[in-house]
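The values are calculated or read from the model by the stated rules, or taken from the named source; none is laboratory data. No experiment lies behind these values; they were computed from the predicted model shown. Here Cβ is always computed from backbone atoms with ideal geometry, including for glycine, and neighbour counts include all displayed protein chains.
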Amino acid sequence: MIQLIRGFKDILPGEVELWQHIEKTATTLFQDFGYKEIRIPIMERTDLFARSIGEDTDIVEKEMYTFPDRKGDLMTLRPEATASICRAYIQHKLHSSDPVRKFYTIGPMFRRERPQKGRYRQFYQINLEVFGIESPLVDVELIFLLATLLTRLSIFDVQAHINSLGCPKCRPQFKSALKNFIDSVGDRLCSDCTRRKDKNPLRVLDCKVPGCKEAMIGAPSILDHLCPECLDHFETVKSGLKSLQVPFIVDPRLVRGLDYYTRTTFEIHTGALGAQSAVAGGGRYDGLIKALGGPRIPATGFAIGFDRLAEIAAMNNDNFERKPTLFIAALGEKSSTMAFEWSCALGLAGVVCEMDLTGKSLKSQMKRAHRLGAKYVLILGDREIEENTAILRNMTTKEQTPIGLDNIVESIQVKI
Ligand code: HAM
């Protein structure tokens, strides 16, 4: 038998209802705040991701599903959505009438990481992106929306980590201070960090290898190197979060795994997830649109790991599976034909109705109705047809009431 690809997964009925609930909760919240849905392709030219995420990030170096198409052009299954949304914004000149745009998108992403709980090779993200606003209040809004969404999903064990990565004006200074520090501990770093340290020393701060983490204790903090404008920006983010009562901690080590960030970066962590504790991450990327050939327009956004969110939400939320309101236990061909027509009419009226089409006995039909969690069972056999009356059984109270066959669809809707 051909099995699922490693790191990919099926989301089966029973689980999918929670995903639908999360999606509905998220989209309602985002639409209430003026965000519009955008849908972008699953595959793009490799260059788009290499230029956006950064050549020497783990994602681009090791994790992308990249292959030449039949003409030899390099294509990549999207590892994230931000680059594609920027491409669409530039390509369709969405900035020309009004540069301020607020988007959300939900869909699958692909990264060839080592699969484990909370880490998949096809995973889903809920993305929010805002273009055209430099104000730190948008960063506050994004973190506030994340916190609100988690609360609405009854997820409380969460912490927002925030940092500022500065701007092209102040970051070079920090980079050189960081380089000096790295040179002093260079022989303790892993091979990736050794290779990346000169071109992209920030990546060393993001390395998850325990030896590198230990070596980097005592590294300079970006927050000591911010220019007055970036400092001001960061102070407003902090005071905005305080006034909206969003709890956060400042984490000067938070550099994120993608190169496009400037100024505010943030992650939402939860104790419920173990090692893969980041349920969402994001930040500002004021230089990306220009770097991709668009105008100089600031931007900020985040992505939630949908799979991780669903795993935590499953601990705190009910089962959302929709159970049948009615099961029609029909015996014999004539009854089944009548029942089939009624079940179609009830379905159209929004009453979830199930029946047996395989000729099972009354006993096994009753068992199935019970297993499906049906609220009522309508029993119909030759005798009931003769008497022009079926029996409606309430599966909770076990009470049975006769119900006339004339206008039965309407009568059922009144009774249940
Ligand atoms: P990211 O931190 O790479 O950021 O991913 C965001 C979230 O996606 C993570 O916090 C995590 O919950 C989830 N995630 C990432 N990789 C996996 C995986 N292999 N399996 C399961 N979940 C995963 C971005 O992708 C940026 N584009 C976010 C952003 C939007 N920044 C600005 N706008």
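Remarks
- Looking across segment 1-38, the residues that are surrounded by 11 or more Cβ atoms within 10 Å (Cβ to Cβ), in a loop (DSSP other than H, G, I, E, B) and within 17 Å of the chain's Cα centre (by Cα) come down to Gly7, Phe8, Lys9, Ile11, Glu15, Tyr35, Ile38.
- Residue in segment 314-321 that is of a type in the set (Asp, Glu) and out of contact with any Cys (no Cβ under 8 Å at 6 or more places or on another chain) present: yes
- Scanning segment 234-275 for residues that are touching a Gly at 6+ places or on another chain (Cβ under 6 Å) and among the acidic types (Asp, Glu) yields Asp259, Glu267.
- Elements of the type strands (runs of 3 or more DSSP E) sitting completely within segment 321-407 and holding at least 1 residues that are small (Gly, Ala, Ser) and more than 42 Å from the chain's Cα centre (by Cα): these cover 326-330, 389-394, 400-404.
- One residue from Glu44, Glu55, Glu61 being out of contact with any Phe, Trp or Tyr (no Cβ under 6 Å at 6 or more places or on another chain), more than 30 Å from Asp318 (Cα to Cα), assigned to a loop (DSSP other than H, G, I, E, B) and among the acidic types (Asp, Glu): Glu55
- Strands (runs of 3 or more DSSP E) fully within segment 205-288 counting 3 or more residues that are surrounded by 21 or more Cβ atoms within 10 Å (Cβ to Cβ), more than 16 Å from the ligand (Cβ to nearest atom) and at pLDDT below 95: none
- The set of residues in segment 110-137 being crowded, with 20+ Cβ neighbours inside 10 Å and either more than 10 Å from the ligand (Cβ to nearest atom) or under 23 Å from Thr262 (Cα atoms) (or both) consists of Gln125, Ile126, Asn127, Leu128, Glu129, Val130, Phe131, Pro136.
- Only a single item in (1) under 21 Å from Gly257 (Cα atoms); (2) away from the ligand (no atom under 14 Å from the Cβ) is not met by Arg78, and it is number (2).
- Test result for Met366, touching a His at 6+ places or on another chain (Cβ under 9 Å), surrounded by fewer than 20 Cβ atoms within 10 Å (Cβ to Cβ) and closer than 22 Å to Arg322 by Cβ: no
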